[in-house]
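Enquirer: Dropping a structure here in structure tokens format, bear with me for questions.
The values are calculated or read from the model by the stated rules, or taken from the named source; none is laboratory data. Source: prediction; values computed, not measured. Note that we place each Cβ from the backbone using ideal geometry, even for glycine, and neighbour counts take in every protein chain shown. Areas reflect the complete protein model, heavy atoms only, side chains present, ligands, DNA and RNA absent. Shrake-Rupley method; radii C 1.70, N 1.55, O 1.52, S 1.80 Å.
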Amino acid sequence: MHRILSSFTFAIRILLPAWLALSGWLRPPAAGLAAARAEEPGSLVLARVEAADFPRMRLYFEAYDGWGNFIPNLRVGDVTVLEDEQAVPLDELTRLQSGVQVIAAVNEAPELSNRYEGRTRLEAIVSHLLTWAEAQPATTTDDFSLASNTGVQARRLDRPAAWQEALTAYQPALLTAKPGLGAISAALDLATDPNPNPFMKRAILYVTPLPADSELEAYQNLASRARQQGVQVQVWLVASAETAARRPDAVEALTRLGEGSGGGFFLFTGQENLPDLDAWLEPMRYVYQAAYTSRLNKSGSYPISLHAARGGLELTSTSRRVEVQVAAPNPIFLSPPSTVERAWSQPEDGGEPVLLPDQLKVNLLVEFPDGHTRPLEAVRLYADGELAAEITEAPFDQVVLDLSGYTESGAHALQLEVVDSLGLTRRSIEITMQVQVEPGRPGTLLQRLLRNDGLAGYIAIAAAALALGLVLAVRWRGQRHEEPADGGQNFAEPVTRPIIPAPEPRRPRPARRPAPLREDPNAPAWLAPLAEDGRTVPVNRKEITLGSDPQQASVVLDCPSVSPLHCRLQALPDGTYWLSDCGSVAGTWVNYAPISSQGVRLEHGDLIQIGRMAYRFALSGAQNPQPGVES
């Protein structure tokens, strides 16, 4: 019976570890993960969606094959964006090296001092790490840390050589060390610190003996924390070959910590070749950056996902939602003329007289209320409701109106329309333009005579000149025979002519000039002009009035479309600002809507049009909101 029990015990010690190794308990991380993942087609991970430069969208993603290896050679045509379930091609695709935050955490214990072939197990592990660090490039994007039971020994060293020095100087007193959770807890705390690169992965190499039974529940919490924080843990258990048979619950807890976080588990008795760290870290070092042009044209929250196909492998990522704010662009007239005068002009070659000017250049500005500047497709000018001019190529800052058809004086309505790359369109407010045409046509009688029979024309001209000469001669002779009218004095004689003082010339009235605006860099608000030659109006009083008459307005705007007292801007005690119209002719507009004498409350960024003058209301220190991204 004793022999049977001995044989059974021997079989358990020899065969059970072999069975566990075949079943996946005792395996190197690379081989174990490869076996688990070989059955999977791979994965496509969409890490981030950025919409700050909408409609230019930026994506960051990772692609892995079924073995867990990073797919390094994707091209721009291999990946398609699914934007609100509509396929959109990529414009750019770049592979970035984001690096890995490598943390070696050593749970110091007497078991690590056991020797094999003349060196301790910890010395074998440190020697392996030193050899690996020496093979790393000096310009690596990785950084390196070292933690132990007493805390962090080396923090985020950016040079492999510096980490080698820290490992060489690390000489713990293993025989008196007390194992615990200090090393892995310190490493996880360090891994939660912000990374210089937001796509930098975090990896912990955890060297530990078997944990105590009282620590097993804590290891479950550590495994959950590592998964939530995206930290991969590679567990190197330093123990004997019989460990799995003696303490299967402890081995299971460490395995869940490693493989459950995306890392791995390895049992090191002192005899095995230690795993290659690059096989574990290399897939974590890269990320793809992609860019595409969005086709979304309405505000809202939309799902974004990716589809990749290459060499028979097809992968689709899970979706992320992105919030976008989209609004049609605003076309704005810049200082349009209120009156256009057309006058007759005689060409130098003696041809037909023409009305000039024959065209009007209308300057404009296009704003994007949503804050997303994007290309324009067209700018159109409408006159009296009819399309009068259109431009379809940049620059979109000026459109030319043909005036050749305006041959009579009258008022005409002008309006701008703009179309952007998303197909969104909007029209400006209508403005009135007075066209004044000079009456008559100079030289028409003479030209008609010359255009008919040439001889008849010359005869008519000569007859007219002769008649005019006879009239002048008769009148001159009559004046010579008339007597002086005042007492016989001959006022024609220089001596007797009375001296009549010349009237004193009238002094010209001084031109009315706008009152200068006082510069105030500390003003709580401003009216910022949209025209380049405009003046900034500081709002530094409880009330300011705007108009063209300095007797009625505290801020004078020199523009024909501005009434003497046009509008009033008030700063209320609660910190709000109100703008009201004062019965102006051209009206006061806020964000393309006319306002009344009751007034409206102004917000930062509001567009204000006072007659034909355009301003942007700005509060000191205010910022425009930026679009956010939801995961």
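Enquirer: What's the number of the condition residue 255 fails, among (1) surrounded by fewer than 20 Cβ atoms within 10 Å (Cβ to Cβ); (2) under 30 Å from residue 111 (Cα atoms); (3) not acidic (Asp, Glu)?
Expert: Every condition holds for residue 255 apart from (1).
Enquirer: Test residue 317 against the criterion of being modelled with pLDDT of 95 or more and in contact with a His (Cβ under 9 Å, 6 or more places away or on another chain), and give yes or no. Even if it seems obvious, please write down each step before you answer.
Expert: Numbers: modelled with pLDDT of 95 or more: yes; in contact with a His (Cβ under 9 Å, 6 or more places away or on another chain): yes.
Yes; evaluated as a whole, the condition is true for this residue.
Enquirer: Report, by residue number, each residue of segment 332-387 that is among the β-branched types (Val, Ile, Thr) and in contact with a Leu (Cβ under 8 Å, 6 or more places away or on another chain). It would help to see each step written out before you state the result.
Expert: Filtering segment 332-387 down to residues among the β-branched types (Val, Ile, Thr) leaves 332, 339-340, 354, 362, 366, 373, 379.
Across segment 332-387, the qualifying residues are 332, 340, 362, 366, 379.
Enquirer: Within segment 41-56, can you find the residues that are hydrophobic (A, V, I, L, M, F, W, C) and over 14 Å from residue 319 (Cβ atoms)? Please lay out each step first, then the result.
Expert: Taking segment 41-56 as the starting set, the residues that turn out to be hydrophobic (A, V, I, L, M, F, W, C) are 44-47, 49, 51-52, 54.
Hits for segment 41-56 are 51, 52, 54.
Enquirer: Sticking with this structure for a sec: Check off (1) open to solvent by 80 Å² or more (accessible area, probe 1.4 Å); (2) among the acidic types (Asp, Glu); (3) under 24 Å from residue 324 (Cβ atoms) for residue 390 and give me the number that stays unchecked.
Expert: In the conditions (1) open to solvent by 80 Å² or more (accessible area, probe 1.4 Å); (2) among the acidic types (Asp, Glu); (3) under 24 Å from residue 324 (Cβ atoms), residue 390 misses (3) alone.
Enquirer: Go through segment 588-610 residue by residue and tally those that are surrounded by fewer than 16 Cβ atoms within 10 Å (Cβ to Cβ), at pLDDT 90 or above and assigned to a strand (DSSP E or B).
Expert: Total satisfying the criteria: 2.
Enquirer: Here is a further query. Taking only pairs six or more apart or across chains, which ones have beta-carbon atoms under 6 Å, a first residue in segment 343-369 that is open to solvent by 40 Å² or more (accessible area, probe 1.4 Å), and a second residue that is among the hydroxyl-bearing types (Ser, Thr, Tyr) and part of a strand (DSSP E or B)?
Expert: 354/345; 356/345
Enquirer: To continue, here is another question. Could you check residue 66 against (1) within 30 Å of residue 318 (Cα to Cα); (2) in contact (Cβ under 8 Å) with a residue 60 or more places away in the chain and say which number it fails?
Expert: (2)
Enquirer: Which of (1) outside any loop (DSSP other than H, G, I, E, B); (2) over 30 Å from residue 608 (Cβ atoms) does residue 407 not meet, given it meets every other one?
Expert: (1)
Enquirer: Take segment 307-326 and flag every residue that is closer than 25 Å to residue 375 by Cβ and either more than 21 Å from the chain's Cα centre (by Cα) or in a strand (DSSP E or B) (or both).
Expert: Of all residues in segment 307-326, those closer than 25 Å to residue 375 by Cβ come to 322-326.
Across segment 307-326, the qualifying residues are 322, 323, 324.
Enquirer: Quick one: would you say residue 96 is touching a residue at least 60 places away in the same chain (Cβ under 8 Å), among the aliphatic types (A, V, I, L, M) and surrounded by 15 or more Cβ atoms within 10 Å (Cβ to Cβ)?
Expert: Answer is no for this residue.
Enquirer: In segment 130-156, which residue that is part of a helix (DSSP H, G or I) and out of contact with any helix residue (DSSP H, G or I) (no Cβ under 6 Å at 6 or more places or on another chain) is surrounded by the most Cβ atoms within 10 Å (Cβ to Cβ)?
Expert: So in segment 130-156, the residues part of a helix (DSSP H, G or I) come out as 130-134.
With the extra rule that they be out of contact with any helix residue (DSSP H, G or I) (no Cβ under 6 Å at 6 or more places or on another chain), the set shrinks to 131, 134.
Working: 131: 12, 134: 10.
Looking at the filtered set, the residue picked out is 131.
Enquirer: Let me ask you something else. Starting from residues that are more than 24 Å from residue 238 (Cα to Cα) and crowded, with 19+ Cβ neighbours inside 10 Å, keep the ones in segment 268-284 and report whichever is nearest to the chain's Cα centre (by Cα).
Expert: Step one: list which residues in segment 268-284 are more than 24 Å from residue 238 (Cα to Cα), which gives 282-284.
Now restrict to residues that are crowded, with 19+ Cβ neighbours inside 10 Å: 283-284.
On the way: 283: 31, 284: 29 Å.
Applying the filter and picking the extreme gives 284.
Here is a yes/no grid of residues against (1) touching a His at 6+ places or on another chain (Cβ under 9 Å); (2) outside any loop (DSSP other than H, G, I, E, B); (3) open to solvent by 40 Å² or more (accessible area, probe 1.4 Å); (4) over 23 Å from residue 129 (Cα atoms):
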| residue | (1), (2), (3), (4) |
| --- | --- |
| 165 | no, yes, yes, no |
| 168 | no, yes, yes, no |
| 184 | no, yes, no, no |
| 188 | no, yes, no, no |
| 193 | no, no, yes, yes |
| 197 | no, no, yes, yes |
| 204 | no, yes, no, no |
| 214 | no, yes, yes, yes |
| 217 | no, yes, yes, yes |
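Enquirer: May I ask you to say which residue of 149, 221 is among the polar types (S, T, N, Q) and within 27 Å of residue 270 (Cβ to Cβ)? Reasoning before the result, please.
Expert: Details: 221 fails: within 27 Å of residue 270 (Cβ to Cβ).
None of the others qualify; the one that does is 149.
Enquirer: Could I ask something else about it? Going by the conditions given, is residue 4 open to solvent by 20 Å² or more (accessible area, probe 1.4 Å), among the β-branched types (Val, Ile, Thr), in contact with a helix residue (DSSP H, G or I) (Cβ under 7 Å, 6 or more places away or on another chain) and modelled with pLDDT under 90?
Expert: Details: open to solvent by 20 Å² or more (accessible area, probe 1.4 Å): yes; among the β-branched types (Val, Ile, Thr): yes; in contact with a helix residue (DSSP H, G or I) (Cβ under 7 Å, 6 or more places away or on another chain): no; modelled with pLDDT under 90: yes.
In short, no.
Enquirer: Give all pairs with beta carbons closer than 6 Å in which a residue from segment 119-147 that is of a type in the set (Asp, Glu) meets a residue that is open to solvent by 20 Å² or more (accessible area, probe 1.4 Å); count only pairs at least 6 apart in sequence or on separate chains.
Expert: Hits for this filter: 143/156; 143/158.
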